[in-house]
Each structure stands twice: as C-alpha cells, then as structure tokens.
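Below is one structure, written out as structure tokens; comments come after it.
The values are calculated or read from the model by the stated rules, or taken from the named source; none is laboratory data. Quick caveat, the model's predicted, so the values are computed rather than measured. Every residue, glycine among them, receives a Cβ derived from its backbone with ideal geometry; neighbour counts consider all protein chains shown. Remember, those area values only see protein heavy atoms, side chains included, never the ligands or the DNA or RNA. Shrake-Rupley method; radii C 1.70, N 1.55, O 1.52, S 1.80 Å.
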Amino acid sequence: MKERILVTGSYGQIGTELTLQLRQIHGANNVIATDITPAPEALEQTGPTRYLDVTDPRQVTALVVENKITTIYHLAAILSGNGELNPQQCWNVNMNGLYNILETARRWKVRQVITPSSIAAFGPDTPKEHTPIDTILRPTTMYGITKVAGELLNEYYNQKYGVDARSLRFPGIVSHETEPGGGTTDYAVDVYVKAVAGEPYDCFVTENTTLPFLYMPDALNALLELAAADESKLIHRTFNITGFSASAGEIANSVKARIPSFECRFIPDFRQIIAESWPRSIDDQDARQEWGWKPSFNLDAMSDDMISKLKEKNGAVA
Ligand code: AKB
C-alpha cells in the first residue's frame, strides 16, 4: 500500500531529519512536512510543506483528509525546559495536539500514529539506574505529565478504537542538523556547537549530572523500525530506548579530547532540578526483544561524527 505521511513539528530537531529520510524512503510528494514557522530550505525544496497548528482540530482534520494521510509522525511538542517556563502552553500543545491527532486518526481511519514520549515520563521516585518500562511514573514537570498522559491516551485509542498508536521514550537526542528547542538535554548539543565554533561553553547542569542519550541516526532508525515492526509481536505500545549514559563532564571531556582548546564551565540553572528528576540509565530490553532495537553509537563514536559533521557544516577543514 502506498504510504501518505504527515509529519507534525517537522521543522524541529527530530522532524527535519526524519522528514528528509521519510521522503527518500516513500517518495518526496508522499511526505508532508508541517509546522507553525516558515519551512527551512532543506524541507521546502524537497517536498510539500504546510502550515499546521496541531491545537486546531479543523486544521488537523482538513490536512489529513485532503491529503489522504495513512501514517502520522506526531512530533509537535513543547519540551521540558520551555514547558516549565510556560506550563499552560505545554499542556495545550502537547495534550490537545495529541488528542486532535488521535481523534482525526480514529475518525478518518489513519493506519498508524507514531509519537515520541520521553524519559521525562519518569520522576524523582522512579528507580534511577536501568529504569524498566513498567515502573513508577510520577513526573514533576508539565512536559513529563503530558508525556505520561499521552502514553495512556495512545494506549486508549489503540485498545478502544484500534488506532495503531506506537511510542518511544526518547532520552536526550544529540544531532548537528537542526538545533533542539527548549529541552533540558540541549546542553549535550550546545557543547559540540560551541566547541567547533572555537567558543567556550557555560553548561547549565553540573559536571556529574548523568543522563541517557541517543545520537540522531539511532533515533531515526528507532522511529522507522518501530513503525515497521510486526504488530503481532508487540506486547508494549510505549518503549524505553537508549544509546548510552554519560555525565555532562564526560561529554565535555570527550569534546576536549578532540578539541583540546575547548573550555567548559558548569553553571546550573532551573533545568538542573529537571535533569535530577530523570533516570541516569535506561533498560531497553523490551524494545530489543519485541522489534530488534539495537543502537550503533556510543559517546566516542558520536563525538567523532558530531565534530566532523559540524566542521563540514561550518565550512572548516575537518
Ligand atoms: C528534553 O530535554 O526536554 C527532551 C527530552 C529528554 O524529552 N530532550
């Protein structure tokens, strides 16, 4: 069956790269990139782009129906840091956006909906090491609350209406193409960008703050592999995944080992408390067993690739 794909939040960190990859797989005209800001050149020049505010149910339905959409990658969301600066907007975009997507999927028989969840679904009471899928979910951020509620809403639409809704709890995602927007784990991207630009960096969490991470090529594979997974083999609808765990100091040292002149200071701000409420490492064995998840990048492999890609992008000699 020919796939007709809608990506929401297409111009964000994951959306830009996911849309480009989906266009290569399914054909450029079959992947509609949507967001509420002007489209980046990379997406405008390679396929259809549309304005879509996911909090408006009429816009969501019109786009899905007019374009005969079969699959939705719903990435539009307010992340943890920005969510704490504007919790009301975070609830509105994350919850009403997902509800509008799932309702439209139910009414217009969209085959599949893929939505990221996050390690933010966990909270300070959750076991911190090798955190399993089924554990205490009592987040203390608005973003985390919307992620837990979103996971449950996905499962509800699957069980009650048969919508093939699937979700991944992403850890911090590191990438070089599009900057992340307003998350707690953004420091793990900023540190590379600053180092390659020859600038020092003030990291907004402490040196020993340890979190799970995933490099973008692994994150994209995870989304595509989960979407393609045989439904009859899925016991879960929401999966833990991780690439590796590292402290902010270890990431900075990995950068410094490759760019010795790099200087990093650790000056925690309000995001420190958010980072401390999340697990340090994740148990992703259910994803491995149910659909064959296996990441490729550890911290060193990621640092090599990030630095060489950022140098290329900056036009410097790698
Ligand atoms: C954030 O920091 O808010 C995100 C996430 C872990 O979901 N990167």
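One residue alone among Y73, Y51 is buried (at least 16 other Cβ atoms within 10 Å of the Cβ), of a type in the set (F, W, Y) and touching a strand residue (DSSP E or B) at 6+ places or on another chain (Cβ under 9 Å), and that residue is Y73. Of the set (1) within 16 Å of the ligand (Cβ to nearest atom); (2) in the same structural domain as L234 (by TED's automatic domain parsing), all apply to T71 but (1).
Per the conditions (1) within 16 Å of the ligand (Cβ to nearest atom); (2) open to solvent by less than 40 Å² (accessible area, probe 1.4 Å); (3) not aromatic (F, W, Y), the sole criterion not satisfied by T140 is (2). Taking the stretch 35-58 as the range and being outside any loop (DSSP other than H, G, I, E, B) and either on the phi > 0 side of the Ramachandran plot or touching a Lys or Arg at 6+ places or on another chain (Cβ under 9 Å) (or both) as the test, the residues that pass are D35, L43. The single condition among (1) closer than 20 Å to M306 by Cβ; (2) within 13 Å of the ligand (Cβ to nearest atom); (3) open to solvent by 10 Å² or more (accessible area, probe 1.4 Å); (4) among the β-branched types (V, I, T) that I241 does not meet is (3). One residue alone among A165, A195, A257 is aliphatic (A, V, I, L, M) and free of Cβ contacts under 8 Å to residues at least 60 places away in the same chain, and that residue is A257. For Y215, the stated conditions hold: it is surrounded by 23 or more Cβ atoms within 10 Å (Cβ to Cβ) and either more than 14 Å from the ligand (Cβ to nearest atom) or within 21 Å of S296 (Cα to Cα) (or both).
Once the stretch 164-184 is narrowed to residues that are β-branched (V, I, T) and touching a strand residue (DSSP E or B) at 6+ places or on another chain (Cβ under 6 Å), the residue that is nearest to the ligand (Cβ to nearest atom) is I173. Among the conditions (1) within 14 Å of the ligand (Cβ to nearest atom); (2) in a helix (DSSP H, G or I), N154 misses just one, which is (1). For the stretch 218-238, the candidate set comprises residues that are among the hydrophobic types (A, V, I, L, M, F, W, C) and more than 16 Å from the chain's Cα centre (by Cα); within that set, the residue that is most open to solvent (accessible area, probe 1.4 Å) is I235.
As for the stretch 200-214, it holds at least one residue that is under 18 Å from D304 (Cα atoms) and either in contact with a helix residue (DSSP H, G or I) (Cβ under 8 Å, 6 or more places away or on another chain) or not in a loop (DSSP other than H, G, I, E, B) (or both).
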